Each structure stands twice: as structure tokens, then as C-alpha cells.
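Only one structure is covered here, and it is reproduced in the block below.
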Amino acid sequence: MLARVCSAAVRGVDAYTVEIEVDVSGGLPAVVIVGLPDTAVRESRDRVKTAIQNSGFSYPDGRLTVNLAPADIKKEGPGFELPIAVGILAAAGQISHSLLRELLFLGELALDGSVRPVRGVLPVTLAARREGRRGIVVPAGNVAEAAVVKGIEVYPVDSLAALVKFIDGQEPISAVSIEPGEVFNRSRHYAVDFADVKGQAYAKRALEIAAAGGHNIIMIGPPGSGKTMLAKRIPSIIPDMTLEEALETTAIHSIAGLLDPGMSLVAARPFRSPHHSVSDAGLVGGGTHPRPGEVSLAHNGTLFLDELPEFKRNVLELMRQPMEDGCVHISRAIGTITYPARFLLAAAMNPCPCGFFTDSHRRCRCTPSQIQGYLSKVSGPLLDRIDIHVEVPAVKYRELVGDAPAEGSGAIRARVGAARERQLARFTGERIHANAAMTHRQIRAHCRLDAEGQELLKMAITELGLSARAYDRVLKVARTIADLEASDAILPEHVSEAIQYRVLDRQLWV
């Protein structure tokens with residue numbers, strides 16, 4: 001007897017449906033799984049058999065053939081075990097076929113028949129809705145992320161036995177639905193705030209500009225100046241995520257298996273801070289079975305690289321394409337997988353090997369050649385993609401012990417949000433989300449300078465030693481500064497401030 005059950009698998013950040021065909025025929029007992037299964041899928045036959053028997057059902061004698069269609073795409077992971085078990089029971093005539101064509105099934109089975117959570121449930125639920133399925137059956141541990149998808153019934157199950165009773169109409173399972181707005185209100189908060197930062201007004205201003213225009217930023221300063229503390233607070237001043245952004249981000253974290261139990265949406269902007277020993281696959285994604293890397297896990301949020309020169313140069317160079325395109329393309333023999341990677345890069349580094357070159361209270365013992373060699377570990381093409389370079393000096397004692405209240409993240413986020421609204425209105429229909437993403441054509445259209453502003457920029461390039469590659473970056477940053485001031489025109493003072501944020505382009509800095 002033949003039975004058909006619908007399941008799904010994830011490829012990149014999207015899911016595709018997989019039809020599982022199970023045939024029970026006569027002959028010697030055997031189980032054959034075809035359709036390009038990986039090792040985990042092939043091993044599932046033993047777990048499925050034990051789970052069926054321990055759930056109180058009879059495992060059919062004879063030859064079992066399980067086909068996973070389409071047959072030309074490799075199937076990975078344990079998520080097919082629950083639908084395979086349902087297909088076997090249906091093919092053996094132990095359960096009804098009535099709901100099998102209406103529902104999509106996903107889940108891993110334990111040996112006692114209980115259903116374990118799996119990765120990628122959110123993109124699978126979106127695919128089920130796209131395919132017009134009435135509902136989806138998911139492990140109870142994954143119901144929170146699936147239930148935020150509207151337009152489809154989500155049924156949580158905790159055991160194979162309970163699922164069989166539901167299919168046969170013996171015991172109903174209530175569909176679960178979660179209102180995304182409630183999740184946002186409950187989860188959209190940050191544990192850190194800019195009000196905790198003493199002093200560093202200049203660096204805070206630079207970070208506000210970076211958040212307002214989506215500009216990548218690098219902070220240079222001695223150890224203990226607060227670079228990491230400042231970077232961790234960047235997500236708290238970026239405007240709240242939209243539902244679309246939250247779904248994109250949650251899908252990536254679901255595929256990576258990083259969602260906490262019971263978590264529905266990643267409502268707060270992510271902050272990722274990989275160690276400088278990270279591999280190329282760990283940073284940009286990849287591996288034998290491709291998985292999203294840190295640049296994708298930071299999608300719609302902040303990627304912080306502390307001690308930037310300590311990262312392997314070849315690893316850093318791999319970031320150039322994601323920073324430019326906002327996505328990562330991973331090519332393998334089986335095809336190309338694309339992960340989104342639109343993030344704000346915040347990097348931090350010491351000004352020299354010992355760290356005290358710019359510290360007025362500690363003596364630097366590095367030679368000019370050592371300093372230059374240390375700075376040159378970060379390549380020019382990578383720095384070309386970082387709009388703002390800012391010095392972060394050591395905090396003075398009177399600022400540390402002062403009682404003056406510091407401005408909180410809420411007030412800064414309000415100004416940043418207003419600037420972002422101006423940019424969205426400016427780039428309506430152009431698929432641009434912030435000033436940092438402007439092309440040369442858009443820079444010419446939206447970053448016009450008066451005579452005084454042009455003279456300032458000319459002086460910066462010719463007399464202060466700024467490189468030619470800084471030209472577009474200065475214009476983009478000046479446009480953002482003008483947006484923060486609610487100014488349609490880029491004024492000379494906006495250009496002057498933008499020039500200050502090109503520290504590493506100054507030939508006489510070291």
C-alpha cells in the first residue's frame with residue numbers, strides 16, 4: 001500500500017516542500033530510503049522503527065521503500081522522521097489518510113516516540129502557507145516561532161501517539177496562534193543603555209551618525225577607553241525592527257539553531273561579536289553542510305569586530321563582498337546558497353601594538369614602523385567600506401566620577417528614527433534603506449554642495465592628506481549629519497564634521 005505525506009526542508013533561508021512516499025510491499029524485511037538522503041536521514045530508519053514500536057503500534061513486515069521527492073536535491077537533518085513515521089503507519093493501514101494531504105509534518109523522533117524540536121521551523125511554516133496548506137504539524141518546542149505566521153493553522157505535538165489520535169479524530173489538537181505585536185512589546189528591549197557611558201561625547205556623536213545613516217564605523221583608542229562598551233549599545237539607538245525584518249532575522253537564527261525555547265521572534269536587533277580566531281566559514285558562512293555565518297546572524301543588526309588587526313587578513317577580506325552587496329553567496333557542487341547579510345559593522349582597534357600611542361598619560365614604546373605595520377594589517381579595500389573612523393581617547397577621571405546625567409538611548413534613538421524617516425522618504429521606490437547604501441548616481445543627486453562646502457572638501461583631500469577613496473564616504477556622512485539636523489541642504493559645517501571622521505585617511509596621523 002502506498003501513502004504520501006508532505007514535509008519540507010530548508011535551503012539557504014528559504015524552505016521547499018518535500019513529498020515523502022512510503023510503500024509497503026511483500027518480500028524480505030528491509031527499509032530503503034531514496035531521494036538523496038544524508039547520513040542523518042538514512043539513520044532515521046532505526047529511530048523511526050523503535051519510536052513506532054514504543055508508541056504502541058505495529059511495525060509492518062516486508063519491504064519498506066521511502067522516497068523523498070524531489071530526488072535531485074540532497075535532504076539533510078532529522079526533521080523528516082515524524083512524517084516518515086506517519087507515512088509508514090498510513091501505508092500499513094494503521095491510521096487514516098484523510099488529513100495527510102492537507103497538513104505538512106515536521107519533527108524529530110526520540111526512541112520513546114516523543115517529538116523533539118528541529119531547526120528552520122519558521123521558514124518551513126512560511127513555505128507551507130505559500131503552498132496553500134491548511135496547517136502544519138510541528139514539535140511542541142517549536143510552536144512559538146511557527147505560530148507567528150498568519151494564514152495557516154499550527155498544531156503542536158509532543159508525541160507520535162498523540163499525533164495519530166489527532167489524525168484519526170480521537171483527540172483534537174488546538175491550533176496555536178500568536179500575535180506578533182504582543183511579541184514585539186514583550187521582547188523589544190535592551191539590557192544596556194547609553195546613559196551608562198561616562199564621557200566620550202565625541203564618540204557617542206559618531207555612533208549616532210553611524211546609526212542614523214547605516215554607516216560602518218571603526219573606533220581607535222587605547223585599552224580601557226570604552227570602545228567595547230560603546231559598541232554594545234549601538235543596537236539600542238537603531239530604530240525598532242519592522243515585522244518583515246524580524247521574520248528575516250528569526251528565520252536565520254532558527255536555521256542556525258540559536259532560538260531559545262519558546263521564543264517566537266527576534267524582536268531586538270541582533271548584536272554579534274565573534275572572537276578574532278573565527279574561521280572564514282564561521283564569519284561569512286559555509287562548511288560541508290552550509291550554515292549562516294556571523295555576518296548573516298548580524299543581519300538587520302550590528303556586527304562588532306573587536307581588536308580588528310588581530311583577525312586573520314584572509315578572513316577579513318571575505319567580508320568585502322557582503323558589506324557591498326548585503327548578502328553572502330556560498331557556492332558548492334550542489335548549487336549556490338544565498339544568505340542575507342545587511343548589517344552595521346562596528347570595529348575597534350588599538351592605535352599601536354602596545355595600545356598607548358594616543359594616550360596622553362601612558363608612554364608608547366612602539367616605533368613609527370611598528371605602528372604603521374600594525375595599522376596596515378587592515379587593508380585599504382576594507383577601510384574603503386568603513387565610512388567613519390573615530391578616535392576614542394581614555395576617559396578622564398572627572399568624567400568617571402562626575403554626576404552629570406548622560407543622555408539615554410531613547411533620546412538618541414528618536415533623533416536617529418527621524419533621520420531614517422527622511423531617508424526613506426528620499427529614496428522611495430529606489431530600494432535604498434539608508435544613506436550608506438547610496439550609489440554614485442544617488443550621491444550626485446542628493447549630496448550637492450555649495451561653493452564653500454566644495455572648497456572644504458578640496459582642502460581636506462589636497463592639504464590634510466585624505467585619500468581620494470574618502471570622497472564619497474565624506475559626502476554620505478555629511479548627508480546623514482544634515483538629516484539629523486533636519487536640513488535639506490548639506491551645509492559647510494556638515495562637511496567639516498564629516499571630514500573629522502576620517503582619522504585613518506590622514507597621512508600624518510602616525
May I ask you to say which residue of GLY77, GLY12, GLY35 is in contact with a helix residue (DSSP H, G or I) (Cβ under 8 Å, 6 or more places away or on another chain) and at pLDDT below 95?
GLY77
Out of SER254, SER225, sole residue that is open to solvent by less than 20 Å² (accessible area, probe 1.4 Å), assigned to a loop (DSSP other than H, G, I, E, B) and touching a Pro at 6+ places or on another chain (Cβ under 9 Å):
SER225
Residue pairs qualifying under the 7 Å Cβ cut-off, at least six apart or on distinct chains, with the first in the stretch 328-340 being modelled with pLDDT under 85 and the second being open to solvent by less than 60 Å² (accessible area, probe 1.4 Å) and not hydrophobic (A, V, I, L, M, F, W, C), are ARG332/PRO290
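Checking the structure you have, find out if any residue of the stretch 105-119 is surrounded by 21 or more Cβ atoms within 10 Å (Cβ to Cβ) and acidic (Asp, Glu). So that I can check it myself, show each step before the final result.
Just the residues of the stretch 105-119 that are surrounded by 21 or more Cβ atoms within 10 Å (Cβ to Cβ), to begin with: 105-109, 113, 115, 118-119.
This time we only want the ones that are acidic (Asp, Glu), so: 108.
Yes, the stretch 105-119 contains a residue that is surrounded by 21 or more Cβ atoms within 10 Å (Cβ to Cβ) and acidic (Asp, Glu).
Restricting attention to the stretch 281-315, which residues are of a type in the set (Ser, Thr, Tyr) and either open to solvent by 10 Å² or more (accessible area, probe 1.4 Å) or over 21 Å from LEU258 (Cβ atoms) (or both)?
Looking only at the stretch 281-315, we keep the residues that are of a type in the set (Ser, Thr, Tyr), and these are 288, 296, 302.
Scanning the stretch 281-315 gives a single hit, THR288.
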Filtering the stretch 411-428 down to residues that are free of Cβ contacts under 8 Å to residues at least 60 places away in the same chain and open to solvent by less than 80 Å² (accessible area, probe 1.4 Å), which residue is farthest from GLU485 (Cα to Cα)?
PHE427
Would you mind stating whether VAL378 is outside any helix (DSSP H, G or I), crowded, with 16+ Cβ neighbours inside 10 Å and hydrophobic (A, V, I, L, M, F, W, C)?
yes
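Within the stretch 439-453, which residues are part of a helix (DSSP H, G or I) and either under 19 Å from GLU493 (Cβ atoms) or in contact (Cβ under 8 Å) with a residue 24 or more places away in the chain (or both)?
Of the stretch 439-453, the ones part of a helix (DSSP H, G or I) are 440-446, 451-453.
Across the stretch 439-453, the qualifying residues are HIS440, ILE443, HIS446, ALA451, GLU452, GLY453.
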From ASP158, ASP193, ASP168, residue being of a type outside the set (Gly, Ala, Ser), open to solvent by 30 Å² or more (accessible area, probe 1.4 Å) and within 30 Å of MET219 (Cα to Cα)
ASP193
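Results for (1) open to solvent by 20 Å² or more (accessible area, probe 1.4 Å); (2) in a helix (DSSP H, G or I); (3) at pLDDT 90 or above, shown as yes or no for each residue.
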position: ILE173; (1), (2), (3): yes, no, yes
position: ASN185; (1), (2), (3): yes, yes, no
position: ALA206; (1), (2), (3): no, yes, yes
position: HIS215; (1), (2), (3): no, no, yes
position: ILE218; (1), (2), (3): no, no, yes
position: THR249; (1), (2), (3): no, yes, yes
position: LEU259; (1), (2), (3): yes, no, no
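The values are calculated or read from the model by the stated rules, or taken from the named source; none is laboratory data. This one's a predicted model, so the numbers in the text were calculated from it and none came from an experiment. Glycine gets a Cβ as well: all are built from the backbone with ideal geometry, and neighbour counts include every protein chain shown. Each accessible area value is taken on the protein alone, full model and side chains, heavy atoms only, with ligands, DNA and RNA left out. Shrake-Rupley method; radii C 1.70, N 1.55, O 1.52, S 1.80 Å.
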